[in-house]
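Everything on this sheet refers to the single structure shown next.
The values are calculated or read from the model by the stated rules, or taken from the named source; none is laboratory data. Just so it is clear, the structure is predicted and the values come from calculations on it, not from any experiment. A quick note on method: Cβ atoms are made from the backbone with ideal geometry, for glycine too, and the neighbour counts reach across all protein chains shown.
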Amino acid sequence: MSGFFEVYFRDGSSRAGALNTSHGNVDTPAFMPVATQGSVKALAPDDLKTLGASILLSNTYHLMLRPGIDLIHRQNNLHTFMNWQRPILTDSGGFQTFSLGRLTNMSDRGVIFRSHIDGREHFLSPELSIQYQGLLGSDIAMVLDECSPYGLEYEELNSAMQRTHVWARRSRDAHDSIGQSIFAVVQGGVFPDLRLASAEILISMDFDGYAVGGLSVGEPKDAMYKIASLMGSTLPEHKPRYLMGVGSPEDLVECVAHGMDLFDCSLPTRVARNGGLFTDRGRVNITNTSFREVDGPFDLTCDCYCCTNFSASYIHHLFKAKELLAYRLASIHNLRFVMRLMDTMRQAIKEGKFQEFRDKFWSSYKPSDERARLLQRDRRPQRIH
């Protein structure tokens, strides 16, 4: 799509620009709150606008199973259905067929899986995924890809990557929705040669943008950063780069530094619903007894509805009492923190001060314990192939 994306400022590998869609512009780098089923959990569209969200992500897999693509299309499109007239990116549904659905058969033709809701069998092909996303009316559609978990052997990753390329070509050929851009997904795990080969093949197909998939799935953070850096120096300068599934503050800062433009993740709202709140010093848990007697706001530097209207002790009380308002207020805070972070990074890039900002961020921010994260990964049930 001509004029879909422009880069206006560069500072090192980081860059600031804008996506131009039929539902408005998106200043980049940008974070997309995850509205998987047409809703960001606990938040209304007006909340998201107030927080500064300019684009949301929704998911084809979930929407095709419930309420159904036809029902949404009867109401014109997903924008109308969820009352969000700003841009929407729809994921293809590929990741969920592997991670949520019970996979029964996968071939070059597509994926046969059983719904995680009622066990019924469904089929999803590259062409069907693109057709569904066209009916949803999203501004950006994603190609169907084979999603590989961390830890696969080289040959398994190579095989999955080759199928992703076949599906990308078919998705490209099937895509005919006017006003809708289409992104390919670069795969290859943590192997640089596979990533470079995948990028080269997909670039030759001339997509509107390129996503980097298969990261933030349990690999060590330094491995993720190395691949993000490699892709930032490989993918086309004039096309947007989307790093899928990344949303912790430290990962956003480092991957913007490596030239990524778009991000999505359920992490900010997921940890919020468990009491985990972002601060400039790192993530803290509002349920800790240290907040029980705090009369002032949780974060004096934050301009969100939660921090400007309620005390930390009140938020602590809501969580202890298991009040639903706790999840809403905590989600508002975390998403506003992320949106302010993206605003700050864009401004730093424009002023040529991104490295100064990055150094300042790391001088105070303490990320979550990496060893604990890896231990949690190892305890997850393994996906059945």
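Structure notes:
- Boolean, Asp299 is farther than 15 Å from Val271 by Cα and either crowded, with 17+ Cβ neighbours inside 10 Å or in contact with a Cys (Cβ under 7 Å, 6 or more places away or on another chain) (or both): yes
- If you go through the range 180-206 and keep only what is surrounded by 18 or more Cβ atoms within 10 Å (Cβ to Cβ) and either out of contact with any helix residue (DSSP H, G or I) (no Cβ under 8 Å at 6 or more places or on another chain) or modelled with pLDDT under 95 (or both), you end up with Ser181, Phe183.
- Residues of the range 358-385 that turn out to be modelled with pLDDT of 95 or more, over 21 Å from Ala272 (Cβ atoms) and under 23 Å from the mean Cα position of the chain (by Cα), as a count: 2
- The range 330-373 - residue that is basic (Lys, Arg) and in a helix (DSSP H, G or I) and, of those, nearest to Asp47 (Cα to Cα): Arg336
- Hits in the range 162-179 - residues which are surrounded by fewer than 24 Cβ atoms within 10 Å (Cβ to Cβ) and within 27 Å of Ala223 (Cα to Cα): Gln162, Arg163, His165, Val166
- Being more than 28 Å from Asp206 (Cβ to Cβ), surrounded by 16 or more Cβ atoms within 10 Å (Cβ to Cβ) and not hydrophobic (A, V, I, L, M, F, W, C) is a property that does not hold for Gly17.
- Qualifying residue in the range 212-232 (condition: surrounded by fewer than 15 Cβ atoms within 10 Å (Cβ to Cβ) and among the β-branched types (Val, Ile, Thr)): no
- Against the list (1) farther than 25 Å from Val26 by Cα; (2) over 18 Å from the mean Cα position of the chain (by Cα); (3) in contact (Cβ under 8 Å) with a residue 60 or more places away in the chain, the condition Arg66 fails is (3).
- Scanning the range 125-136 turns up one or more residues that are within 30 Å of Gly24 (Cβ to Cβ), aliphatic (A, V, I, L, M), out of contact with any Leu (no Cβ under 6 Å at 6 or more places or on another chain) and surrounded by 23 or more Cβ atoms within 10 Å (Cβ to Cβ).
- Selected residue [over 30 Å from Phe9 (Cβ atoms) and in contact (Cβ under 8 Å) with a residue 40 or more places away in the chain] from Arg336, Arg283, Arg273: Arg273
Conditions (1) more than 22 Å from Phe95 (Cα to Cα); (2) among the hydroxyl-bearing types (Ser, Thr, Tyr); (3) within 19 Å of the chain's Cα centre (by Cα), marked per residue:
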site	(1), (2), (3)
Phe5	yes, no, yes
Ser13	yes, yes, no
Val34	no, no, yes
Gly38	no, no, yes
Gly52	yes, no, yes
Leu56	no, no, yes
Leu78	no, no, yes
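- Identity of the residue in the range 83-127, hydrophobic (A, V, I, L, M, F, W, C) and assigned to a loop (DSSP other than H, G, I, E, B), that ends up farthest from Phe183 (Cα to Cα): Ile117
- Residue tally, condition closer than 29 Å to Arg273 by Cβ and either hydroxyl-bearing (Ser, Thr, Tyr) or in contact with a Phe, Trp or Tyr (Cβ under 8 Å, 6 or more places away or on another chain) (or both), over the range 20-46: 12
- From the list Cys255, Cys304, the one residue that fits, being within 19 Å of Gly214 (Cα to Cα) and at pLDDT 95 or above, is Cys255.
- Any chance Val34 is among the β-branched types (Val, Ile, Thr), within 30 Å of His238 (Cα to Cα) and buried (at least 16 other Cβ atoms within 10 Å of the Cβ): yes
- Conditions (1) closer than 30 Å to Arg10 by Cβ; (2) surrounded by fewer than 23 Cβ atoms within 10 Å (Cβ to Cβ); number of the one not met by Pro268: (2)
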